[in-house]
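Everything on this sheet refers to the single structure shown next.
Every read-out reported here was derived from the displayed coordinates using simple, explicitly stated rules and does not represent laboratory data. These figures come from a predicted structure and were not determined experimentally. Cβ coordinates were reconstructed from backbone atoms using ideal geometry, including for glycine residues, and neighbour counts include every protein chain displayed.
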Amino acid sequence: MATFKDAAEVYQCVGGFFKTVTDHPEMGEKIGASGLIIQFVYSEPDSIITVDAKNPPPKGSFFRIIEGPCDLKPDVKMTMTADIAHRFWFGKVNLVQALAKGDMKAQGPIPSILKLLPAIKPAYTLYPEYLKKIGKADKVI
Amino acid sequence: MNGYCGKFLRVDLSKGSLTDIPLSPTVLRDYVGGSGLAAHLFLEEILEAARATGRMPTGGGVASDAGYPDPLGPDNPFIIATGPLTGTRLPATSRWTVSARSPLTGLWGEANVGGFFGAELKFAGYDGVLVTGRAAKPVYLLIDRGRASLEPADDLWGRDTYDTADLLAARHGAAGTADAKLRRPRVFTIGPAGENLVRYAAIVHDKHHVAGRTGMGAVMGAKNLKAVVARGAMGQAGQAGPEGGFTLADPAAVKELATGFVTRAHENMVTKSLHEAGTIMGMDLGGLIGDVPIRNWSLGAWGDELEKVGVGGYGAVLVGTSSCFACPIACKRKVTAEALGRKLENAPGAEYETLGCLGPNLLISDLPALLVAGEVCNRLGLDTITAGGTLAYAYEAAEKGLLDGLVGAGAAAELAKGWGDAPLMVRLIEDIAARRGPVGDALAEGSTRLARRLGRPEALAFLATARGLEAPAHDPRAVHGMALSYATSTRGACHMNGLMYGAEHAGVMAPEVGVESDGLQQSSEGKGRLCKLAQDLGAVSGQSAVLCQLGGNMYSANDLAAMLNAVTGFGYSLEDIMECGERIWNAKRGIGNLYGSDGRDDTLSPRLLEVLEDGGAAGSEPDLPGMLAEWSELRGLDERGYARREVLERLGLGRLAALIGEV
């Protein structure tokens, strides 16, 4: 059974989490400094989250989050199921294997993607905390 | 014979003789090539020595020179071996191997290297070279379009590997000759570390390709063999004549496979990533899961420092890429950097293992300084993995007050403060290669022998080794299968001894022979079986065929069979390949048994199993006994950790079984 029942729940959990880190002193700053537009295209359920670190962010944030389709042209596009995305933010996805098996597809300059990996490490603890905070503790794995 | 030249060159340096060794199709089919074939030839040599002289192969176990043949003596056979795919246009197949009894571990030693030399050797007419004896004076071996000769190397002795490569390339190159079409000679050579018998001396080919592990450079140095130069008459597979070369069983099939695999290499995410980021991506990927060694494997995290030596940091020094023979992936890096008063200009750039072992493991994140250190190691001919592991061990030993008696209080105090000190690291590397002073001489022995010399049980507790070989930059606490893979590797702690690393961490998938990970790196469940199968498949693919274990990650077992069959015409089934792998693995394990290693060595030094408090592998504890029990059962080992006689006999290793029984 899929983790998320619909796109709204993806946006509430994953999108909402992304929004909480837009001003994170460590993670937010590094993602913001990348200057990239990174688009996550999810299936099951279909949903799109775009991280825009190229255009000026809202005050107090390092980047902005757009939920749903948008006109921005992504520098990096990551395609996967919402389940994989959910597991990834717990540090439960073997990244290389997922890419090799096609469970996760990446388009764009690979060094730019790899450079961001150290930045996302705090997410592994922040995401479960966020889910508990919004009453979604049942989704913690 | 297709895929092979069908012969090895035998070089007896004591006699100065050069003769051909014909290879039978049966032996080639059973042992494939590379270090698998080398293990067979090694066994034949020691069996012949036992028959002729009555001297039985014996040893004193891990990190011991005891027994026969002495790893640094004339009778230790040193074997250079290519594989059937070497020299074809199939991607990621450029590699070749060097093997002997290791002067570092005292057991089976082998190292694996890419570049162009292997292909050139086959174009020059030989599948490999078997060297015995010791030259009275330094020599190099020249194999030029089917003709071999020993040449004086007095003027090369003492020179570093870069100078030697340049001098020999100039001496035997086209410049100054009437033949403008003369192919470029390919050189692999030892540096001062090999000449000085540093136990982890490497062999360096054309400055950018290193056979690093298990001290094969010291074996060459002990034989007074400075270098080997190869040049063929032609530059591609499919033709054979008196000047060299080899034919293909099905040239059209090879071409079709090559075309398809080149396309795959450009599309596969792992090979694409290797092209765009090189092996350096291991720092960023490994940093996420706690795979990178930090401060002699004692820490799980190091703030933001890993980023400085990862893909992001490397971008500032990267000026280009380069490849091995016929490989479209081009994962090698070229760099321009300046540090410690030295400049690198469009120079070969250090790879992940070098950065991991000399960098975070010594708390150094100054990337230009690490690139300089990598080049110093390459020029001097030192394995960067064991160099980093030995330095880290020495720093910690000095901190604990264990080194004062051996190297003096002043030197020990300097070592104790070595963490993070890049200039000291480079100076120590130079001292080690020269065996200069008590510190250089002691550290030239590697960490296991150094620990033993300290003569105190607590000195063994913070080694990071298996079977006397320092672990590469992949933490078994982050990827549990690596704990078993290191513990049972036939050459000691090594991520390339079998395909376990590939299966668990680098996208290798061969479900058709059971090599498929569940993706759970910090789980020990089912890893005994996976490791056994990954070892058997890897014994053929990465060690004998000889596929690159980076680019080769895109191949399945079916792909391997298709390539081998198109090139050799041997008609391997998947079962045949797995049986060959089992045979080769057991041959190497059996050689280790002859030299005194047994099941008690199927373990890791304690430091590699200490639970980390932070980082991606915090709290992770591999179930080594559980994995080992499953693996041992599948391997058919007896209570001593020896393969049962019926297992060896089933694999055609009856003579090895008898020999093990005798010694």
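Look at where the Cα atoms of the stretch B:4-20 and of the stretch B:174-204 average out, and the two centres are 19 Å apart. Cβ crowding within 10 Å ranks B:L443, B:L547, B:L167 as B:L167, B:L443, B:L547, fewest other Cβ atoms first.
Taking only the alpha carbons of the stretch B:237-366, we obtain Rg and Dmax values of 19.1, 60 Å in that order. A straight chain from B:D304 to B:L574 at 0.36 nm per residue would run longer than the Cα-Cα distance by 92.6 nm.
Counting Cβ atoms of other protein chains within 10 Å of each residue's Cβ and taking the mean over peptide A:114-123 gives 6. When restricted to Cα atoms, the stretch B:7-250 yields an Rg and a Dmax of 16.9, 55 Å, respectively. Three semi-axes describe the equivalent ellipsoid of the stretch A:7-122; taken as square roots of 5 times the Cα gyration tensor eigenvalues and ordered largest first, they are 20, 16, 14 Å.
Dividing the radius of gyration of the alpha carbons in the stretch B:1-80 by their Kirkwood radius gives 1.00 for Rg/Rh.
3J(HN,Hα) couplings calculated from phi for the stretch B:624-632 with the Karplus curve 6.51 cos²θ - 1.76 cosθ + 1.60 (θ = phi - 60°) are, in sequence order, 4, x, x, 5, 5, 5, 4, 5, 4 Hz; Gly and Pro show x. Residue by residue, the stretch B:419-434 carries 3J(HN,Hα) couplings of 3, x, 9, 5, x, 5, 4, 5, 5, 5, 4, 5, 5, 4, 4, 8 Hz when phi is fed to the Karplus relation 6.51 cos²θ - 1.76 cosθ + 1.60 (θ = phi - 60°); x denotes Gly or Pro. For the stretch B:408-501, the Kirkwood hydrodynamic radius comes to 14.9 Å, computed from all pairs of different C-alpha atoms. Distances between placed amide hydrogens fall under 5 Å for B:L107 paired with B:A63, B:S102, all partners being 5 or more residues away or on another chain. With N counted as the residues of the stretch B:469-662, its alpha-carbon radius of gyration over 2.2 N^0.38 Å works out to 1.01.
Remark on B:L382: its backbone amide H falls under 5 Å from those of B:A202, a criterion applied only to residues 5 or more positions apart or on other chains, H modelled at 1.01 Å from N.
Go through B:K334/B:K417; B:K308/B:K334; A:K121/B:K308 and tell me which ones have a Cα-Cα distance over 20 Å in this structure. Violating the 20 Å limit, Cα to Cα: B:K334/B:K417.
The simple Förster model, with R0 at 51 Å and r as the Cβ-Cβ distance, assigns A:C70 and B:E345 a FRET efficiency of 0.70. Estimated from the Cβ-Cβ distance and a Förster radius of 41 angstrom, the FRET efficiency linking B:A50 and B:E458 is about 0.50.
Checked against a 26 Å cut-off, the cross-linked pairs B:K255/B:K588; B:K255/B:K527; A:K77/A:K101; A:K59/A:K136 give Cα-Cα distances beyond that limit for B:K255/B:K588; B:K255/B:K527; A:K59/A:K136. Mean per-residue shielding of peptide A:85-98 is 4, counting Cβ atoms of other chains within 10 Å of each Cβ.
What fraction, in whole percent, of alpha-carbon pairs in the protein assembly as shown exceed 47 Å separation? Walk me through the intermediate numbers first.
Details: 58333 of 322806 pairs.
Everything past 47 Å amounts to 18 percent.
For the stretch B:6-20, putting each phi into the Karplus relation 6.51 cos²θ - 1.76 cosθ + 1.60 with θ = phi - 60° gives couplings of x, 7, 9, 9, 9, 10, 9, 6, 5, 8, x, 9, 10, 9, 8 Hz, in residue order, rounded to whole numbers and with x for Gly and Pro. Ordering of B:600-611, B:46-57 by packing is B:600-611, B:46-57, highest average first (other Cβ atoms within 10 Å, averaged per residue).
Tell me, rounded to the nearest percent, the portion of alpha carbon pairs in the stretch B:141-296 spaced more than 26 Å apart. Value for the stretch B:141-296: 51 percent of Cα pairs lie more than 26 Å apart.
For the stretch A:7-122, what is the percent of antiparallel DSSP beta bridges, rounded to the nearest 5?
70
Panel order for A:C70, B:C324, B:C548, by other beta carbons found within 10 Å of each beta carbon, from fewest to most: A:C70, B:C548, B:C324. Shape analysis of the stretch B:329-472 yields a ratio of the Cα radius of gyration to the Kirkwood radius, Rg/Rh, of 0.98.
Place a label point 7 angstrom from the Cα of A:K19 along the Cα-to-Cβ direction, then list the residues of the stretch A:59-77 whose backbone nitrogen is under 20 Å away. So the set is A:59-72. Relative to one another, the C-alpha centroids of the stretch B:242-304 and the stretch A:68-136 are positioned 22 Å apart. Per-residue packing, averaged as other Cβ atoms within 10 Å, sorts the ranges B:207-215, A:9-17 into the order B:207-215, A:9-17, beginning with the highest.
Rounded to whole Å and ordered largest first, report the semi-axes of the equivalent ellipsoid of the stretch B:55-110 derived from its Cα gyration tensor (root of 5λ).
30, 11, 7
Computed log10 I(q)/I(0) for chain B at 0.05, 0.10, 0.11 Å⁻¹: -0.19, -0.84, -1.05, from the Debye equation with unit scatterers placed on every C-alpha and solvent omitted.
Between amide H atoms placed 1.01 Å from N, distances below 5 Å from B:V508 occur with B:A503, all of them 5 or more places distant or on a separate chain. Mind checking which of B:G215, B:Y140, B:Y162 is farthest towards the positive end of the protein assembly as shown's charge dipole, using Cβ charges of +1 (Lys, Arg) and -1 (Asp, Glu) about the Cα centre? Ranked along the dipole, the leading option is B:Y140. The mean number of Cβ atoms from other chains found within 10 Å of a Cβ in peptide B:306-312 is 5, as a whole number. Based on Cα contacts under 8 Å between residues 6+ apart, chain A shows a relative contact order of 24 percent.
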